[in-house]
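Peer 1: Questions regarding the structure given below will be posed in turn.
The values are calculated or read from the model by the stated rules, or taken from the named source; none is laboratory data. The structure presented is a predicted model; accordingly, all values stated were derived computationally and were not measured. Cβ placement follows ideal geometry from the backbone for every residue including glycine, while neighbour counts extend to all protein chains displayed. Keep in mind that these areas ignore ligands, DNA and RNA; they rest on the heavy atoms of the full protein, side chains included. Shrake-Rupley method; radii C 1.70, N 1.55, O 1.52, S 1.80 Å.
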Amino acid sequence: MWRQNKKFIIWLLTGLLFTSCGFMDLRIIGVDLSPDGLDTVLEGEYDPVVISFDTAMKKSDAENALQVSYAGGVVEGDLSWKGDALCFVPAAGWKAGRRYAFSLSGLVYSLDGRELRLNRYVSFYAINKSPAPLVESFHPGDGASVGVNGDERCLVTLRFSEPMERLGTEAAFTITAPGEKKFEWQDDDRLLRVYSENPLAPWTVYRWSVSTNAPSRDGVPLAKALSAQFTTDEDRIFPEVVRAYPALQSGGAWIPSGGDLDEIGPGPGQGIAVAFNKVMGENVLRAIRFEPSLSGRTEQISGTTVVFIPSSDPEPETIYTLIVSGDTADFGGLKTGSDYRINFTPDIPFLRILSFTADGLDPAEDPADGSVFAVPVDAAGGETLRFTIRFSMPFTAGAKSDTALRIFLEPFFPGVLDPVALRFVSWLSDDRLRMEWEGVESGAAGVSHYFRLNFPGGKGGINNGGGMYLKEDQALYLEAIK
């Protein structure tokens, strides 16, 4: 019985080995891999991963079974066949020093109907096996408070674990700070300092990052991207005006001339100094203005103080307002935030005539415009009138000669009087002018002769050379008597 069953089993197995077309093929499909060893290094940037079969395969099955990856994800690439070999080439090329792996997983079929279950995993490197660089430390720390200028405007300092390739690392670094950046490498290209050509804005958050595109000198990309931020809020003291005062130049320096500006205004030839509580930026030179307007220039006489130098003296007896703009910023960029205003009146009085003294008479003090004086005329001396005028301020040498020519005497009444002529003029002192006029005809009984002594006023009139002038035209009427 067993002998019969044995024959049946052999017959059955033998039958299963045959088909209507011939014998069933039980040969194993051969596969060769490249790279095939643990941590093999591909030399070229575009060297392929190759899976070679010893027979023709169904291509779609084999292609679906292959995947190439690295720690950051799947590698995108192109698949192609060279005979019975499936080739994979990365679209962006292999990165030096990066550890890759390809896996073969699943059922694949040959064209002759055989099947192969794949379950292979192979790791490899490209170009070299150098270690991937890391950022070991950076400054300022993430979330740190810093000043706007830092260490000579150094924004960020990075220390890497490996020497870095300069241009690629610089291209991989970004920061939200404005303006051009300057990169400085030290310590065999392991230390990078990033500088800004422009100061940072105060109280602002700046973010920076370095991507994995930053390569080491061996071409290995950064193992891990890094980003951080810092805030320029280290300085919390806002600038403000602490004092405004008149200033005069002495020995090449500007020094206070008296009290504060609201107590006493600037005198002739003086400037207006503005002092702050902090070292100020350059825009302070453009931050000062006046109402009514004053022309002039502003100079910085110290880190905290500027002086406005008028092109000409302010108007006498006029109320001015000094305004320092709220956009005025300190050296770090912090602004005052609001306009500073202070009113002042220049310590520059109008020029006045203190006295008029005709020879032989007592002085007429502070004569008003339109005053009438009887003055004696020396008939024996060619009908000559001599008098002395005293002014409220001294005159410069240049202003003296100009003033003498601007004061003139003319016949007033009656209209038939002949013109008079200036015979002699002399300055007895810086504020006393003596004049002698001839042809001043005295009146007769019942007929008075009047002459008008004119003093032109305003800016275009008499000026003492220091910016002081008569407020307005002034005239004295002189009755010529014997």
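Peer 1: HN-Hα J couplings of segment 110-124 from phi, Karplus 6.51/-1.76/1.60, θ = phi - 60°, integer Hz, Gly and Pro as x?
Peer 2: Ordered by residue, 3J(HN,Hα) equals 7, 5, 8, x, 6, 10, 9, 8, 9, 7, 10, 9, 10, 9, 7 Hz.
Peer 1: Quick check on packing: order 375-388, 409-422, 281-294 by the mean number of other C-beta atoms within 10 Å, highest mean leading.
Peer 2: On the way: 375-388: 17.6, 409-422: 13.5, 281-294: 15.5.
Answer by packing, highest mean first, reads 375-388, 281-294, 409-422.
Peer 1: Mind listing the phi-derived Karplus ³J(HN,Hα) values for segment 269-282, rounded to whole Hz, using 6.51, -1.76 and 1.60 with θ = phi - 60°, and x for any glycine or proline?
Peer 2: Whole-Hz 3J(HN,Hα) from phi for segment 269-282: x, 9, x, 10, 8, 10, 10, 10, 7, 9, 5, 9, x, 5.
Peer 1: So, one more: Skipping prolines and chain starts, which residues have an amide H placed within reach, meaning under 5 Å, of the one on Leu261, given they are 5 or more residues away or on another chain?
Peer 2: Excluding prolines and chain starts, which carry no amide H, the hits are Ala244, Tyr245.
Peer 1: Shifting gears a bit: Which of the lysines could a cross-linker bridge to Lys224, judged by Cα under 20 Å and excluding same-chain residues fewer than eight apart?
Peer 2: Here the lysines satisfying the reach criterion relative to Lys224 are Lys95, Lys129.
Peer 1: Counting only protein heavy atoms and a 1.4 Å probe, tell me what percentage of the chain's accessible area is made up of carbon and sulfur. Spell out each step's value before the answer.
Peer 2: Details: 12930 of 25510 Å².
About 51 percent, which is the carbon plus sulfur part of the accessible surface.
Peer 1: Net charge near Val205: determine it from the other residues with C-beta under 14 Å of the C-beta of Val205, scoring Lys and Arg +1 and Asp and Glu -1. Show your work: numbers first, answer last.
Peer 2: Working: positive: Arg207; negative: Asp142, Asp233, Glu234.
Taking every Cβ under 14 Å from that of Val205, the sum is -2.
Peer 1: Right, another one. Mind ordering 52-61, 339-348 by average Cβ neighbours within 10 Å, highest first?
Peer 2: On the way: 52-61: 15.2, 339-348: 17.8.
Listed from highest to lowest mean packing, they are 339-348, 52-61.
Peer 1: Grab the other residues whose beta carbon is less than 14 angstrom from that of Gly415, score K and R as +1, D and E as -1, and report the net.
Peer 2: Working: positive: Arg452; negative: Glu410, Asp418, Glu441.
Overall, the nearby charge balance is -2.
Peer 1: Next up: Using amide H atoms built in the peptide plane, which far-off residues or other-chain residues are under 5 Å from Met57 H to H?
Peer 2: Leu111
Peer 1: In whole angstrom, note down how far apart the Cα centers of segment 19-95 and segment 195-269 are.
Peer 2: Cα centroid of segment 19-95 versus Cα centroid of segment 195-269: 61 Å apart.
Peer 1: For Ile481, what charge total do you get from the other residues with a beta carbon under 13 Å from its beta carbon, if Lys and Arg give +1 and Asp and Glu give -1? Please report the intermediate quantities before stating the final value.
Peer 2: Details: positive: Lys482; negative: Asp359, Asp378, Glu383, Glu441, Glu479.
Within the 13 Å Cβ shell, the charges total -4.
Peer 1: Sticking with this structure for a sec: 5 Å is the cut-off here: which amide hydrogens, built 1.01 Å from N in the peptide plane, fall below it relative to Thr40, excluding neighbours closer than 5 in sequence?
Peer 2: Those lying under 5 Å, H to H, from Thr40 are Tyr125.
Peer 1: Convert each backbone phi in segment 345-355 into a coupling constant with the Karplus relation 6.51 cos²θ - 1.76 cosθ + 1.60 (shift: θ = phi - 60°), then list the ³J(HN,Hα) values in order as whole Hz, x for Gly and Pro.
Peer 2: 10, x, 7, 10, x, 5, 5, 10, 8, 6, 7
Peer 1: Then there's this: Please state, as a whole number in µm²/s, the translational diffusion coefficient that the Stokes-Einstein equation yields for segment 171-271 at 37 °C and 0.692 mPa s, with Rh defined as the Kirkwood radius across alpha carbon pairs. The partial results should precede the final answer.
Peer 2: Values: Rh = 18.7 Å.
Once the numbers are plugged in, D ends up at 176 µm²/s.
Peer 1: While we're on this one: What accessible area per residue, rounded to a whole number of Å², is obtained for the chain using a probe radius of 1.4 Å?
Peer 2: On the way: 25510 Å² over 482 residues.
Computed with neighbouring chains in place, this is 53 Å² per residue.
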